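Participant: Below: one structure in structure tokens.
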Amino acid sequence: MAIIEKLHVARFRNLNDQYLEPNKNINLVLGSNGQGKTNFIESIYYLGHNRSFKTKNIKDVIPFDEELVQINAIIDGEKITLNKSKHKSTILVGDEKISSNSLLSQRLPTQIISPDRGFVVGGTPKLKRSYLDWGVFHDNKEILKTYKSYNKTLKNINAILAGKNQNQLDEWLSQLSFLSVEISQARTNYIQKLVKILEESSLQKLESFIESTKNLEFKLQTGWTKDVDGLNQNEIITYLQNNKDSFIRTKHLGHGPHRATVDFYLNKKNEGFLSRGEQKKLSIVFWMLQVLVLAKENSDPVVLIDDISSELDQKKINSILDFLTNLNIQIFITDIGNKELPLDPKKTNIYHIKKGIIVSA
Ligand SMILES: Nc1ncnc2c1ncn2[C@@H]1O[C@H](COP(=O)(O)OP(=O)(O)OP(=O)(O)O)[C@@H](O)[C@H]1O
Ligand SMILES: [Mg+2]
């Protein structure tokens, strides 16, 4: 259960140095264009990931005329501190320094819905992997070691393929095939969980998004060629052995879990044939399923929704808010403020943001 009890954004983009005591349910931040709504959402995401969803460059998020980013919060009774400059990043949980971003994201798992990040259905394989692996990781924390070993192994293989001496290639390929099956298996298990939840009734609240959940399908492409069973290590080894020369020629391994993706289908129609609006709706269903899987296991993420009314019509906003409010998780929503949002005043804090200054309404 992740709840931000206090938030102190000291230095982040245009945001003023300020404290907030958010509601444990809904927090609505209203403001006109360019006031800092996305920056605010991004600052919470940043605290949970030690990176942005908008930029790779730390310079972009450091306030103009400043040297560092500084955000801290009390999350589930524990203080989390993030200080980051161009050269140094310090993360503290309580008084203890931690060196891994994954420990940070365990304290503050966030699910983000933002036009700046893009929609998963119809999105790039990279974006899809990122959402998928977010779920896989929160569902099965042990898998992180496997991902790390896989990336290291892949790096070694690519270095060998680009070099002159291929002596150790076979050993590394065999190692890669083993790790690859573990990753594909974890992703498959996770997708099965999503499908199971999709079949359950709790999604009825989202009926304005999708007429019948039966019509929605997700298929994992493991990243290997279509004729290779990604869950079968022998098939992978045979494929790797048979195609070694071609990898040496191209100097890299272009297949494997690092190229995996999820294909979405609605009424058997591939996502590529769906309209932008349909893609958007299905993306939201997918994200809500991800939230639901974690909520069922009592590790509720904090949901961040940027610019809610530019993305959704009134009926969909209502059903998404109804759905999330019922899950009793913490939500931060930003909006320009031109639509009536059906929020329970007892469960909601409303703020206004102007030139980076956030005040309670
Ligand atoms: N590193 C930075 N330091 C100071 N200000 C910044 C920094 N990066 C961005 N800004 C400013 O922050 C302002 C607000 O940006 P933000 O994207 O949060 O607005 P917004 O409220 O989401 O607007 P919109 O409704 O158009 O989406 C911009 O005017 C931008 O110039
Ligand atoms: Mg914005």
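The values are calculated or read from the model by the stated rules, or taken from the named source; none is laboratory data. Predicted model, so just to flag it, every value in this text is computed and none were measured. Reconstructed Cβ throughout: ideal geometry from the backbone, glycine too, with neighbour counts over all protein chains shown.
Participant: Which is more than 16 Å from ligand 1 (Cβ to nearest atom) and out of contact with any Phe, Trp or Tyr (no Cβ under 7 Å at 6 or more places or on another chain), of ASP307, ASP300?
Facilitator: After ruling out the rest, the residue left standing is ASP300.
Participant: Also, I was wondering about something else. Considering region 205-256 alone, what residues qualify as being part of a loop (DSSP other than H, G, I, E, B), closer than 29 Å to ILE157 by Cβ, in contact (Cβ under 8 Å) with a residue 24 or more places away in the chain and not hydrophobic (A, V, I, L, M, F, W, C)?
Facilitator: Within region 205-256, THR222, GLY223, THR225, GLY230, ASN232, LYS251, HIS252, HIS255, GLY256 qualify.
Participant: Could I ask something else about it? Could you identify the single residue in GLY122, GLY77, GLY118, GLY94 that is within 16 Å of ligand 2 (Cβ to nearest atom) and on the phi > 0 side of the Ramachandran plot?
Facilitator: From the options GLY122, GLY77, GLY118, GLY94, the qualifying one is GLY118.
Participant: Would you say LYS155 is assigned to a helix (DSSP H, G or I) and either hydroxyl-bearing (Ser, Thr, Tyr) or surrounded by 15 or more Cβ atoms within 10 Å (Cβ to Cβ) (or both)?
Facilitator: Here the answer is no, as LYS155 does not meet what is asked.
Participant: So which of ILE336, ILE284, ILE358, ILE320 is within 30 Å of ARG11 (Cβ to Cβ), buried (at least 18 other Cβ atoms within 10 Å of the Cβ) and among the aliphatic types (A, V, I, L, M)?
Facilitator: Checking each option against the conditions leaves just ILE358.
Participant: I've got another one for you. Could we say that LEU20 is more than 16 Å from ligand 2 (Cβ to nearest atom) and more than 19 Å from ASP300 (Cα to Cα) here?
Facilitator: Against the criterion (more than 16 Å from ligand 2 (Cβ to nearest atom) and more than 19 Å from ASP300 (Cα to Cα)), LEU20 qualifies.
Participant: To continue, here is another question. Tell me, which residue of region 158-173 that is loosely packed, with under 13 Cβ neighbours inside 10 Å and among the hydrophobic types (A, V, I, L, M, F, W, C) is farthest from LYS251 (Cα to Cα)?
Facilitator: ALA159
Participant: Right, next: Here are the criteria: (1) buried (at least 19 other Cβ atoms within 10 Å of the Cβ); (2) in contact with a strand residue (DSSP E or B) (Cβ under 9 Å, 6 or more places away or on another chain); (3) over 16 Å from GLY256 (Cα atoms). Tell me which single one PHE137 does not satisfy.
Facilitator: Answer for PHE137: the failing condition is (2).
Participant: Which count do you get for residues in region 157-201 that are under 22 Å from the mean Cα position of the chain (by Cα) and hydroxyl-bearing (Ser, Thr, Tyr)?
Facilitator: Residues in region 157-201 being under 22 Å from the mean Cα position of the chain (by Cα) and hydroxyl-bearing (Ser, Thr, Tyr): 4 in total.
Participant: Okay, next question. Which residues, counting only those in region 14-27, are under 21 Å from the mean Cα position of the chain (by Cα) and either hydrophobic (A, V, I, L, M, F, W, C) or on the phi > 0 side of the Ramachandran plot (or both)?
Facilitator: Correct list: ILE26 only.
Participant: While we're here: Across region 15-62, which residue is nearest to ligand 1 (Cβ to nearest atom) among those that are farther than 21 Å from PHE119 by Cβ and among the basic types (Lys, Arg)?
Facilitator: So, considering only residues that are farther than 21 Å from PHE119 by Cβ and among the basic types (Lys, Arg), the one nearest to ligand 1 (Cβ to nearest atom) is LYS59.
Participant: Quick one: what pairs do we get from region 277-298, first residue outside the structural domain of TYR265 (by TED's automatic domain parsing) and closer than 27 Å to ASP76 by Cβ, second among the polar types (S, T, N, Q) and modelled with pLDDT of 90 or more, C-beta under 7 Å, 6+ apart or different chains?
Facilitator: none
Participant: Step by step: first the residues of region 266-313, then only those that are among the β-branched types (Val, Ile, Thr) and part of a helix (DSSP H, G or I), then the one that is nearest to ligand 2 (Cβ to nearest atom). Which residue is that?
Facilitator: If we take residues in region 266-313 being among the β-branched types (Val, Ile, Thr) and part of a helix (DSSP H, G or I), then ILE308 is nearest to ligand 2 (Cβ to nearest atom).
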